[in-house]
Amino acid sequence: MTDGYGYSRNARFIEVRNLQVHQEMVLLSLLNQYFNITLRIPPKKASVYGQIAIVEMIWNKEMRIDFNNIIKQRCQERAQQDILIGVSEKTAERRKRSNSIRETLNVLTDMIRELGYFVETKESGGKRGTIKMEYITRIYLNHHLLYDEQTIRNLGYVLNNKLNHTHTIFGTIVVSQNNTKVNSILSLFN
């Protein structure tokens with residue numbers, strides 16, 4: 001079965017998930033210049049597409065953001081809104097996982113915008129009241145293009161591959177602020 005664009009639904013899902021993973025990695029690497037980041041890697045590794053990292057905490061000397069709880073709260077609020085507009089509880093509950101990924105990317109994008117980056121996006125259409133997804137097409141800093149869409153895919157792939165080969169302690173990785181390994185990968189793409 002195809003989705004109207006000639007993709008099988010499975011192939012389209014894999015393409016979209018990989019794009020989300022790559023965007024998450026690029027956004028986290030930019031935030032890492034300013035913050036320490038604690039990530040949780042699910043014990044069940046994705047093998048068909050890139051692995052989404054769950055952002056637990058973002059912090060530095062000035063602030064501490066319990067990122068995972070913020071995302072959970074936003075998804076719970078969204079599920080309650082869905083139920084109020086007539087979506088079944090079962091469907092609202094099922095949507096939480098995809099909403100979690102979307103909300104994570106939206107909040108990460110907002111955070112790097114607050115740090116002075118300009119993020120150009122295009123919006124995909126959500127269906128039947130689902131959260132619309134913004135796809136990053138370009139990232140600028142000080143009117144200088146840092147990454148275009150293809151570079152985001154390539155850089156995100158490299159960063160995700162590095163993350164997947166990092167030793168975890170009980171599934172948790174702490175990436176210290178201004179991490180030299182992350183910076184060395186970023187420098188390859190600047």
Criterion (surrounded by 12 or more Cβ atoms within 10 Å (Cβ to Cβ) and over 16 Å from the mean Cα position of the chain (by Cα)) met by exactly one of Ile185, Ile169: Ile185
Residues (farther than 30 Å from His144 by Cα and hydroxyl-bearing (Ser, Thr, Tyr)) located in region 69-122: Ser88, Thr91, Ser98, Ser100
Which numbered condition Tyr117 fails, given (1) within 16 Å of the chain's Cα centre (by Cα); (2) aromatic (Phe, Trp, Tyr); (3) more than 30 Å from Leu84 (Cα to Cα): (1)
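I'd like the residue in region 118-156 that is among the aromatic types (Phe, Trp, Tyr) and at pLDDT 95 or above and, out of all such residues, is nearest to Leu186 (Cα to Cα). Talk me through it step by step, then tell me what you get.
From region 118-156, those among the aromatic types (Phe, Trp, Tyr) are 118, 135, 140, 147; that's our starting set.
So of that shortlist, the ones also at pLDDT 95 or above come out as 118, 140, 147.
Working: Phe118: 17, Tyr140: 14, Tyr147: 10 Å.
Step by step, filter region 118-156, then rank; the result is Tyr147.
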Where a residue in region 4-26 is farther than 17 Å from Val48 by Cα and assigned to a helix (DSSP H, G or I) and its partner, wherever it lies, is among the β-branched types (Val, Ile, Thr) and modelled with pLDDT under 90, with Cβ under 9 Å and at least six apart: Glu24/Ile52
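The values are calculated or read from the model by the stated rules, or taken from the named source; none is laboratory data. Because the structure is predicted, anything quoted here is derived from the model rather than measured. Don't worry about glycine lacking a Cβ; one is built from the backbone with ideal geometry, like all the others, and counts go over all protein chains shown.
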